[in-house]
Amino acid sequence: MEDRDRIAANDRLTRKERRKKLWLLGLLLLLLAAVGLTTWFLTRDRGLPTIATLPQGATEAPPAYVFSITGTGKSALNSPLGVTVARNGDVYVADFDKRQVSRFARTGQFKSSFSAIKDGKETKLRAPVNVAAVGDEIWVTDRRLRGIYVFSLDGTYLRKVEPKSLKGIWTPLALDVAPDGETRVTDVGQTDKHRIVLMSKDGTVEKLVGKTAQVNDPKTQPGAFYFPSGITIAADGTIFVSDGDNRRVQAFDKTGKFVRFINTSGVPRGIDTDVKNRVYVVDALAHNVTVYSPEGKTIVAFGQQGFGPGQFNFPNGLAVGPDQRIYISDRVNGQVQVWEWPAAVVPSAGAVARSPYLWLLLLLLLIPLLWWLLRRKKRYVVTPDFVDALVAAEQVGLLTHKRSRFVAPESDRANYEGKVIGDVDLGEVIKIEEYSPSDAAVVRDRFTATDEQAAYLVMGERAKALLTNDGDLTSMAMTHEIRVVDSRMFIASRREV
């Protein structure tokens, strides 16, 4: 066979090597994608998710930070206060400074914003504070306009909610609507009438509950309010009210009868309940969220002050979405943080496998492996005739290449041990390695090869190439899809390097 044909045939028989290169290239592309994803998470979510720890005295593991909704450019949140989640999964945020409501997809992508109303001379919201998803509507309280404005899910203005008996004298701050349409609103009037307004489905005032009073002991004077800034209706109809400047939460039954206090010690703001009737309370000054049982027992607290992922800076609103994710408006940090309970983050092996964070982490961990694969020494199996040809060509020094490892079977030990050619100690540069006798037996029977030839073939399968000038061994190796390089090809390739 001519050298050119031999080389071409040999190149055609290196599919394993090409597959390995393609695999390494694919891995490199995945790692580059991982770096890109990391950058995206850092810019969109302001960091990778933090690992939540169990605070002292907590009865269960806290929720874990997932990501932040921020918007970008003109859609960036400025001073988010109220937050709610519609049943279609869209997130609505009352941005006080921008005087609008911003709408985001569940994944955090900005969708739209709205502010236009029709209320006499007023054509836009002026001070939106809280939002509530009511069926296919979004209800917004505007403190400066002293009204509740109703929009469709796409932001189209529908109507104003205002009881006739309270027209001009109330200032709705927070609200929630029960499935039966019963509406509960916290009212701060003109700062002298802090109370709860119980309204029927048609907007008629059924009852006014409470009075204005700042208390010294948060366990006294039920029904006394001082800036009630959050309200939620539990599944059983219980009304929980964040009594902000009185440092407590008050609970009432559906008729407005006082039930109990929940002492928060801080400044409670946003409040909501979940399907397990757990009560979530945002503390604006403690910069965290505390979860209570319906009876007021502390379950767990999470969050701390700061600017990083999972840290708050004067949080305000809170909503538990239909997916049971926890959405918290982080006012000074200009974002809505999304949290999940551990059971929701890692409920099963399947959910773990679907987690983008897990795959991102695994890809990043592959970087050292890829580096090792690219930097490790390449193994070559050598035969005595090949070494003799290098010696004759005065090129034996090529066996000292730093990125190459030359190996031979035990049967060749006597050929190299103690033999020095010039400055090259063949016993040092050619290492003796073991191989599988059973694998060699299979190869020997297949090709009717000698024991020595079978040894070279078995070792050559696991090496970069088989270095030999033996024609019979070359033919068997090529049939076995092993790369073969003779002395002339080897010397030529090293000169090119």
Meets criteria (farther than 19 Å from residue 228 by Cα, in contact with a strand residue (DSSP E or B) (Cβ under 9 Å, 6 or more places away or on another chain) and either outside any helix (DSSP H, G or I) or acidic (Asp, Glu) (or both)) for residue 158 = yes
Restricted to the range 442-471, and to residues that are farther than 29 Å from residue 403 by Cβ and at pLDDT below 90, which residue is nearest to the chain's Cα centre (by Cα)?
-> 442
Would you point out the residue of the range 240-270, among those that are of a type outside the set (Ser, Thr, Tyr) and touching a residue at least 60 places away in the same chain (Cβ under 8 Å), that is surrounded by the most Cβ atoms within 10 Å (Cβ to Cβ)?
-> 270
Okay, helices (runs of 4 or more DSSP H) sitting entirely in the range 396-497 with 2 or more residues that are open to solvent by 40 Å² or more (accessible area, probe 1.4 Å), I get 413-416, 437-447, 451-461, 471-479, 487-496
Considering each residue of the range 151-209, count those that are without any contact (Cβ under 8 Å) to a residue 40 or more places away in the chain and of a type in the set (Lys, Arg), and give that number.
-> 6
So which residues in the range 77-117 are under 18 Å from residue 150 (Cα atoms), small (Gly, Ala, Ser) and either without any contact (Cβ under 8 Å) to a residue 40 or more places away in the chain or open to solvent by 20 Å² or more (accessible area, probe 1.4 Å) (or both)?
-> 102, 112, 113, 115, 116
Of the conditions (1) touching a Gly at 6+ places or on another chain (Cβ under 8 Å); (2) within 21 Å of residue 325 (Cβ to Cβ); (3) of a type in the set (D, E, K, R), residue 146 fails just one. Which one is it?
-> (2)
In the range 223-247, what residues are of a type outside the set (Gly, Ala, Ser), touching a Lys or Arg at 6+ places or on another chain (Cβ under 8 Å) and over 15 Å from residue 278 (Cα atoms)?
-> 225, 228
Within the bounds of the range 133-143, is there any residue that is at pLDDT 95 or above and of a type in the set (Lys, Arg)?
-> no
Quick one: how many residues across the range 168-206 are part of a strand (DSSP E or B) and over 40 Å from the mean Cα position of the chain (by Cα)?
-> 6
Does the range 281-302 include one or more residues that are assigned to a strand (DSSP E or B), among the hydrophobic types (A, V, I, L, M, F, W, C) and open to solvent by 30 Å² or more (accessible area, probe 1.4 Å)?
-> yes
Would the range 149-168 turn up any residue that is open to solvent by 10 Å² or more (accessible area, probe 1.4 Å), within 20 Å of residue 83 (Cβ to Cβ) and of a type in the set (A, V, I, L, M, F, W, C)?
-> yes
Within the range 227-257, the count of residues that are of a type in the set (D, E, K, R), part of a loop (DSSP other than H, G, I, E, B) and within 37 Å of the chain's Cα centre (by Cα) comes to 2
Residues located in the range 173-198, provided they are in contact with a Leu (Cβ under 9 Å, 6 or more places away or on another chain) and either within 14 Å of residue 134 (Cβ to Cβ) or of a type in the set (S, T, N, Q) (or both) = 182, 183, 184, 185, 186
So which residues in the range 473-497 are charged (D, E, K, R), farther than 21 Å from residue 435 by Cα and touching a residue at least 12 places away in the same chain (Cβ under 8 Å)?
-> 486, 488, 494
Hey, among the residues in the range 197-216 that are small (Gly, Ala, Ser) and in contact with a Lys or Arg (Cβ under 9 Å, 6 or more places away or on another chain), which one's nearest to residue 230 (Cα to Cα)?
-> 210
For the range 179-199, name all the residues that are open to solvent by 20 Å² or more (accessible area, probe 1.4 Å), farther than 21 Å from residue 81 by Cα and not acidic (Asp, Glu).
-> 179, 193
In this structure, is residue 117 at pLDDT 95 or above and either closer than 17 Å to residue 202 by Cα or touching a Gly at 6+ places or on another chain (Cβ under 6 Å) (or both)?
-> no
Limited to the range 207-226, what total is found for residues that are open to solvent by 50 Å² or more (accessible area, probe 1.4 Å), assigned to a loop (DSSP other than H, G, I, E, B) and closer than 14 Å to residue 189 by Cα?
-> 1
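The values are calculated or read from the model by the stated rules, or taken from the named source; none is laboratory data. Just so we're clear, the structure is a prediction, and the values are computed from it rather than from any experiment. Quick reminder, even Gly has a Cβ in these numbers, built from the backbone with ideal geometry, and neighbours come from all protein chains shown. The accessibility values were calculated without ligands, DNA or RNA, using every heavy atom of the protein model including side chains. Shrake-Rupley method; radii C 1.70, N 1.55, O 1.52, S 1.80 Å.
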